[in-house]
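The block underneath contains the structure these notes are about, expressed in structure tokens.
Any read-out appearing in this document is the output of simple, stated calculations on the displayed coordinates, not a laboratory observation. Just so you know, these numbers come straight off a predicted model, no measurement behind them. Neighbour counts are summed over all protein chains in view; Cβ atoms, including those assigned to glycine, are modelled from backbone coordinates with ideal geometry.
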């Protein structure tokens with residue numbers, strides 16, 4: 001219990017969290033892609049492909065990628081024959097983007113999109129950085145058309161005890177060292193701790209359903225280090 005209390009004291013909340021997250025991503029944007037490749041051993045490519053495939057949308061569907069960063073998921077969406085549009089609050093990440101998809105600087109909880117205007121939406125590794133997850137899910141339900149699809153990719157912890165132990169050692173020990181050597185040490189110390197923001201699995205899946213999505217499912221990949229939550233707009 002004491003360990004949990006210390007974590008709560010360290011991690012920012014509310015408006016302070018929103019500002020800290022935006023400043024952090026502005027700072028790490030120039031080497032964000034490089035460090036992602038290194039710390040995931042290149043597996044992030046496969047995770048994004050599986051995320052877009054899970055949408056199951058027909059060619060030409062418009063897909064909003066939320067917290068799009070430098071545009072990796074936007075590129076994957078385009079390769080699948082879909083039409084991406086990216087949104088991110090970090091000016092630094094958008095400036096470092098490599099995608100040809102249109103990008104908009106915006107808070108993903110208040111998207112500049114009409115109701116039901118996209119056929120699908122994705123979000124990669126950003127749920128834990130939001131200040132209000134329920135508001136985000138409600139906004140998803142607003143902009144995605146009925147029978148549209150969402151695919152939310154996020155970190156997870158393996159259920160296997162041995163894998164979980166090894167993953168924690170790597171995520172909390174090695175990853176911050178990589179980040180400190182190549183980018184910003186404070187940012188990459190924060191990222192492993194930010195997992196504490198995520199609600200329990202059952203609560204997270206239930207929240208997606210309550211927001212207006214049916215057939216909500218969750219699966220893990222790569223031994224359980226990442227999770228993919230998929231749903232269909234009612």
Filter result for residue 62 (within 19 Å of residue 231 (Cβ to Cβ), under 15 Å from the mean Cα position of the chain (by Cα) and surrounded by fewer than 22 Cβ atoms within 10 Å (Cβ to Cβ)): no
Let me spell it out: the conditions are (1) closer than 19 Å to residue 216 by Cα; (2) assigned to a helix (DSSP H, G or I), and residue 77 meets all of them except one. Which number is the exception? (1)
Residue that is farthest from residue 151 (Cα to Cα) [pool: residues in segment 196-206 that are assigned to a helix (DSSP H, G or I) and in contact with a helix residue (DSSP H, G or I) (Cβ under 6 Å, 6 or more places away or on another chain)]: 196
Every residue in segment 108-128 that is touching a helix residue (DSSP H, G or I) at 6+ places or on another chain (Cβ under 8 Å), outside any strand (DSSP E or B) and in contact (Cβ under 8 Å) with a residue 60 or more places away in the chain, please. 127, 128
Of these, 18, 54, which one is in contact with a strand residue (DSSP E or B) (Cβ under 9 Å, 6 or more places away or on another chain), in contact (Cβ under 8 Å) with a residue 24 or more places away in the chain and surrounded by 16 or more Cβ atoms within 10 Å (Cβ to Cβ)? 54
Residue list for segment 143-163, restricted to those being outside any strand (DSSP E or B) and in contact (Cβ under 8 Å) with a residue 40 or more places away in the chain: 143, 156, 157, 158, 159, 160, 163
Could you list all residues from segment 80-107 that are outside any loop (DSSP other than H, G, I, E, B), loosely packed, with under 14 Cβ neighbours inside 10 Å and without any contact (Cβ under 8 Å) to a residue 60 or more places away in the chain? none
Residues (touching a residue at least 40 places away in the same chain (Cβ under 8 Å) and in a loop (DSSP other than H, G, I, E, B)) located in segment 131-142: 131
With (1) assigned to a helix (DSSP H, G or I); (2) touching a strand residue (DSSP E or B) at 6+ places or on another chain (Cβ under 6 Å); (3) within 22 Å of residue 46 (Cα to Cα) as the list, and residue 218 as the residue in question, which single condition is left unmet? (1)
